[in-house]
1. Under the 0.36 nm per residue contour assumption, what length would be gained going from the current alpha-carbon distance of residue 110 and residue 41 to full extension?
2. Report the label-to-label distance for residue 129 and residue 153 in nanometres (one decimal), using points 7 Å from each Cα along the Cα→Cβ vector.
3. Under 5 Å between amide H atoms, partner at least 5 residues away or on a different chain: which partners does residue 109 have, H built in plane at 1.01 Å?
4. Count the net charge of all other residues whose Cβ sits under 13 Å from the Cβ of residue 90, scoring Lys and Arg as +1 and Asp and Glu as -1.
5. With a bin width of 10 angstrom, please list the P(r) values of the chain as percents of all Cα-Cα pairs, from the 0 bin to the one holding the largest distance.
6. For region 53-174, give the magnitude of the charge dipole about the Cα centre (Cβ charges: +1 Lys/Arg, -1 Asp/Glu; no others), in debye to the nearest 20.
7. Among 155, 25, 40, pick out the residue whose Cα is farthest towards the positive end of the charge dipole of the chain, where Lys and Arg carry +1 and Asp and Glu carry -1 on C-beta, about the Cα centre.
8. Report the longest stretch of the chain that contains none of the trypsin sites (Lys or Arg not before Pro) sitting in a DSSP loop with at most 16 other Cβ atoms within 10 Å.
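Values in this text are rule-based calculations from the coordinates and carry no lab data. As the structure is a computational prediction, the values presented were derived from the model and not from experiment. Cβ placement follows ideal geometry from the backbone for every residue including glycine, while neighbour counts extend to all protein chains displayed.
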Amino acid sequence: MRNVAVQYPATLEIEYPDRELNRLTTFFRPFTVIPIAIILTLVGGSTAGAATQKYVIGSGGILFVATVLMLLFRQKYPRWWFDWNMALTRFGTRVSAYVALLRDEYPSTDDEQAVHVKIPYPDATRELNPGLPLIKWFLAIPHYVVLCFLGIAVFFCVIVAWFAILFTGRYPRSLFDFVVGVLRWWLRVAAYAFLLTTDRYPPFRVSA
C-alpha cells in the first residue's frame, strides 16, 4: 500500500493568525500592498496576486529558459540559480499571502515570517529527466485550467474574509485553509513546470 504521508517535494504552510487581525490595514490592503508590489515587480518582473504569480522567462525573474537549457545540455541545475528562484518564489508568496489577507505583517523581502515555502534542491543527474523540462509547461495545462476556476473562487473568498475581518477581526478558518490550499497547489505546479525542481506530476488537491 502506498504511503500517503509522503509529501510532494514542494510544500507551503502559512501559520493561521489565531488572534485579531489589524482592521485598519485590512481595510486599506489594496493600497498598503502597493509599495511592496512595486518592489516585487522591479526585482522579479512578477505581479503578486491572491492565487497566482507570473513566472517570466527573461532576466530579472524566475530563471526558466536558462535552466531548461542547462538541464537539457549539461544535466545540471546551478545551486545559485536555484537559490535565486527560491528567494524570489518565497518573496512573491509572502506578498500573495498579504494580498489575500492571510497575514497582516508587512511582507519582508528576506525574512521567512509566517509563510513557509520548502522545495528541496534537486540532484539533477539522478532526479531530473534532461528532456522533460521542454514539455512540462505543456503537461501542466490541466492544472492551469483548474487553477483558473479556483482563482475565481479565491477572489470571492478573500472578499468575504475582508468583511469578516472588519467585523470580527478574524479570518474564517475554512476560508483560510482553502485559500492557502490553492496557493499550495499553484506552488506545486510552479515547482514542476517553471522552477523545474521535480519530475513528479503535481497532485490535483489543495491539501498538504
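1. So the extension gain works out to 23.3 nm.
2. 2.9 nm
3. It is none; the list stays empty.
4. My count for the surroundings of residue 90 gives -3.
5. The distribution over the chain is 8, 34, 35, 17, 5, 0, given as percents.
6. 260 debye
7. 155
8. On the way: sites that count: 2, 19, 54, 76, 170, 200, 205.
Within the chain, the longest run free of exposed trypsin sites (Lys or Arg not before Pro) spans 77-169.
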